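The values are calculated or read from the model by the stated rules, or taken from the named source; none is laboratory data. The structure presented is a predicted model; accordingly, all values stated were derived computationally and were not measured. Please note: Cβ atoms are built from the backbone with ideal geometry, for glycine as well, and neighbour counts cover all protein chains shown. Just the protein is used for accessible areas: all its heavy atoms, side chains included, with ligands, DNA and RNA removed. Shrake-Rupley method; radii C 1.70, N 1.55, O 1.52, S 1.80 Å.
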Amino acid sequence: MIQQAARDFAQNELKPGVIERDEHQKFPAEQVKKLGELGFLGMMVSEKYNGSGLDALSYVLVMEELSKVDASASVVVSVNNSLVCYGLESYGSEFQKEKYLKPLASGEKIGAFCLSEPEAGSDATSQQTTAVDMGDYYLLNGTKNWITNGNTASTYLVIAQTDRALKHKGINAFIVEKGMEGFTVGPKENKMGIRGSDTHSLMFNDVKVPKENRIGENGFGFTFAMKTLEGGRIGIAAQALGIAAGAYELALAYSKERKSFGKAIAEHQAIAFKLADMATSIEAARMLVYKAAWLKDQGQSYTLAGSMAKVYASKVAMDVTVEAVQIHGGYGFVKEYHVERMMRDAKITQIYEGTTEIQKMVISREILR
Ligand code: CAA
């Protein structure tokens, strides 16, 4: 039922206008509001905090369906669910859950996760943003880069260095509100893909963050970021799976209709074999993504499975979307047929929430441990 609801939403609400939103870099504000009303922005949050009380498997089914049509909208769902709501529910205080989690889980407000910096993307322990303990508050200074929901968000989870000598143990995570003095949002990035999503740099200049907005014990910030990203990687793997599956479905339908040399192109082995490879790799990616979500639901470790799912599904998304454009031929190169957008969107799944290279680091460390 959840899968069907997401599928219907994608077809009825996301598909109309997806090309224009991509072209004009327009954030899907109306659609995100409706996603909140459907309970898709706080899917795994308990009902006590205004969430839907569902599991990770339901969440990846929704991510897959939305991403088949509009990856710019699905990244909003992914960040709000995995990186913001999950982090707050798992590690936030009761005060933080009441004040910040509730409106985020209901979709009344949108959240952002702020780890990356001009000099610290993959190397996440090298945070340059500082948070100096001033007694009742922390004084936050620094810049964050490529922040999804950068301008749309109201609530930002910001990772910063409190004690450089302690390296990763001196890092903390803070809840920062839009409107706090000294906090400014930089210009929107002009991106290759997921152009409907809202990506900005953020500047913090002597922002006073109340002490009660620190998440967890002093020095918990790096573990917080890693734990939160582990779940996020399953969501992005599901996004990659959805982009691949969406492009494949379009290519399959097109290849049955389009005729060349007197028959449907699907009947030429050159195309039929491409479809066979696409279908097989998508199914393998799907199994990895569902397994990672299932492990999470079982309360088992999903570090390895999540990174395997992300590295594989994002490669499948690239490969399949390139082939989907190829099958469409000249039509694939123009915007009306959607697959060129999917090919551009697919690339980010190999970059954000840990590049392919970072996933391989995580996987190799796990298997060599
Ligand atoms: N869970 C808990 N703790 C973890 C952990 C995990 N998954 N991974 C590492 N740690 C702990 C380690 O145990 C270690 O602690 P101790 O020394 O106390 O044992 C500490 O963290 C440091 O670990 P490492 O020595 O392994 O750290 P490292 O610097 O070598 O590398 C890394 C770690 C895996 C490369 C990490 O930095 C990483 O994941 N980087 C990528 C960050 C990332 O995903 N960025 C994406 C930005 S967010 C985004 O894209 C959001 C968006 O807008 C869509």
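See the values below:
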| read-out | value |
| --- | --- |
| From Lys211, Lys259, Lys167, residue being without any contact (Cβ under 8 Å) to a residue 24 or more places away in the chain and not β-branched (Val, Ile, Thr) | Lys259 |
| Among the candidates Gly87, Gly150, Gly121, residue that is of a type in the set (Gly, Ala, Ser), within 16 Å of the ligand (Cβ to nearest atom) and closer than 17 Å to Val185 by Cβ | Gly150 |
| Considering residues of the stretch 326-369 that are out of contact with any Asp or Glu (no Cβ under 8 Å at 6 or more places or on another chain), part of a loop (DSSP other than H, G, I, E, B) and at pLDDT 95 or above only, the residue nearest to Ile194 (Cα to Cα) | Thr349 |
| Enumeration of residues in the stretch 79-105 that are farther than 21 Å from Ala293 by Cβ, in contact (Cβ under 8 Å) with a residue 60 or more places away in the chain and either under 14 Å from the mean Cα position of the chain (by Cα) or open to solvent by 40 Å² or more (accessible area, probe 1.4 Å) (or both) | Ser93, Phe95 |
| Ala165 vs. criteria closer than 30 Å to Tyr248 by Cβ and out of contact with any strand residue (DSSP E or B) (no Cβ under 6 Å at 6 or more places or on another chain) | no |
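Results for (1) in contact (Cβ under 8 Å) with a residue 60 or more places away in the chain; (2) within 17 Å of the chain's Cα centre (by Cα); (3) open to solvent by 40 Å² or more (accessible area, probe 1.4 Å); (4) more than 24 Å from Gly150 (Cα to Cα), shown as yes or no for each residue.
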| position | (1), (2), (3), (4) |
| --- | --- |
| Ala6 | yes, yes, no, yes |
| Phe9 | no, no, no, yes |
| Glu13 | no, no, yes, no |
| Val32 | yes, yes, no, no |
| Leu41 | yes, yes, no, no |
| Asn50 | no, no, yes, no |
| Leu54 | no, no, yes, yes |
